[in-house]
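Notes follow the structure.
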Amino acid sequence: MMRDVIIVGSGPAGMGAALYGRRAGLDTLILDATGMPGGQITTTYEVDNYLGMPGINGFDMAMAFQEHVKKFGAQWESAKVREIEKKEDGFTVKAGDKEYRAKTVILAAGASHNKLMVEGEEELAGMGVSYCATCDGAFYRGKTTVVVGGGDVAIEDAIFLSRFCEKVYLVHRRDELRGAKILQDRLFELPNVEVIWDSVVERIAGSQAVEQIHLLNKKTGEKRVLSAQGIFIAVGIHPNTEVFRGLVEMDESGYIVAGEMGETSVPGIFVAGDTRTKELRQVITAVADGANAITSVQKYLLEKK
């Protein structure tokens with residue numbers, strides 16, 4: 001069976017593409033590797049910056065997206081993609097123990113935050129443990145938070161949080177930050193931000209939510225416990241693109257090279273969401289990417305006729 005489009009991934013970008021695909025009358029299949037739609041938003045306790053859905057939690061948002069997409073008749077299968085092959089008349093997508101055929105493919109596999117891999121991180125995810133200060137920071141107004149990392153994102157997160165948090169700790173494993181000098185200058189001017197050098201997080205503790213951050217100074221061996229209500233982990237993200245290597249052009253970090261309309265280096269393959277090269281990775285931009293990718297799919301299919 002030859003479909004019009006197969007969408008790899010069921011996060012906001014994939015579901016946005018599926019909705020617009022079905023509204024355009026395209027035979028649309030979503031392949032979901034996890035069995036749980038929504039991608040990263042399912043680990044977010046509350047999403048307060050998506051238009052029209054103030055205060056919704058990530059799981060409910062994912063379910064609302066899925067219900068909307070299924071209402072329009074998008075087909076859905078749980079299968080992890082193993083390989084995509086380009087054929088003369090389209091593409092073969094090998095996923096699970098099956099093979100699927102489509103005229104076009106949209107890669108919307110998303111990205112994953114690098115984790116600290118410490119005790120309490122998984123257990124308290126969404127309950128004080130966050131990987132996105134711009135998404136969740138506003139919930140910690142007047143509270144104490146901790147940022148982990150030393151690059152631009154970590155510094156920007158600390159600056160952002162300092163605007164409404166009573167106290168912000170920036171924990172870095174080295175004795176100097178890696179971020180841009182201009183950002184560092186701004187950071188060091190803030191009276192409510194304290195940088196803790198040469199230290200790593202050993203444990204995140206709390207009964208129902210984050211209460212304490214246990215630190216270890218790598219140079220001195222000294223241990224320290226911070227009382228905090230939130231911890232923002234900013235030690236990088238990685239795109240879920242390993243299976244696509246050699247298929248489409250990527251940058252040195254593994255993001256698929258594409259502009260706003262999602263056109264990759266391979267005609268007929270498009271990309272949407274956190275998987276592509278872009279500046280802002282948020283739910284609203286991911287959904288928009290999905291709509292743009294379907295617009296490109298429609299244009300491609302018309303030109304192929």
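Read-outs throughout are calculated quantities, based only on the coordinates presented, and are distinct from any laboratory measurement. Here the structure is a predicted model, which means the values were calculated and not measured. Glycine gets a Cβ as well: all are built from the backbone with ideal geometry, and neighbour counts include every protein chain shown.
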Computed ³J(HN,Hα) along the stretch 21-30: with the Karplus parameters 6.51/-1.76/1.60, θ = phi - 60°, integer Hz and x for glycine or proline, the list is x, 5, 5, 8, x, 8, 6, 10, 10, 9
Counting each DSSP H run of 4 or more residues in the chain as -39500 (n - 2.57), what helix-only mean residue ellipticity at 222 nm follows after dividing by all residues, to the nearest 500 deg cm²/dmol?
-> -7000 deg cm²/dmol
Share of antiparallel DSSP beta bridges in the chain, in percent to the nearest 5?
-> 45
Most mobile of TYR255, TYR50, TYR20 per a Gaussian network model of the chain (Cα springs, under 10 Å)?
-> TYR50
So what are the radius of gyration and Dmax for the Cα set of the stretch 115-233, in Å?
-> 13.0, 39
Once the dipole of the chain is set up with Lys and Arg at +1 and Asp and Glu at -1 on Cβ about the Cα centre, which of LEU29, TYR131, PHE65 lies farthest towards its positive end?
-> LEU29
Rounded to the nearest Å, what's the spacing between the alpha carbon centres of the stretch 198-262 and the stretch 126-188? Just the number, please.
-> 12
Treating only Lys and Arg (+1) and Asp and Glu (-1) as charged, each at its beta carbon, one finds that the stretch 1-55 has a dipole about its Cα centre, in Debye to the nearest 20, of 180
Please state the charge dipole magnitude for the stretch 115-233, taken about the Cα centre, from unit charges on C-beta atoms (+1 on K and R, -1 on D and E), reported in debye and rounded to the nearest 20.
-> 160
Please get the size of the charge dipole for the stretch 148-194, origin at its Cα centre, with Cβ charges of +1 on Lys and Arg and -1 on Asp and Glu, quoted in debye to the nearest 20.
-> 80
Dividing the mean separation of Cα pairs under 8 Å (6+ apart) by the residue count of the chain yields a relative contact order in percent of 20
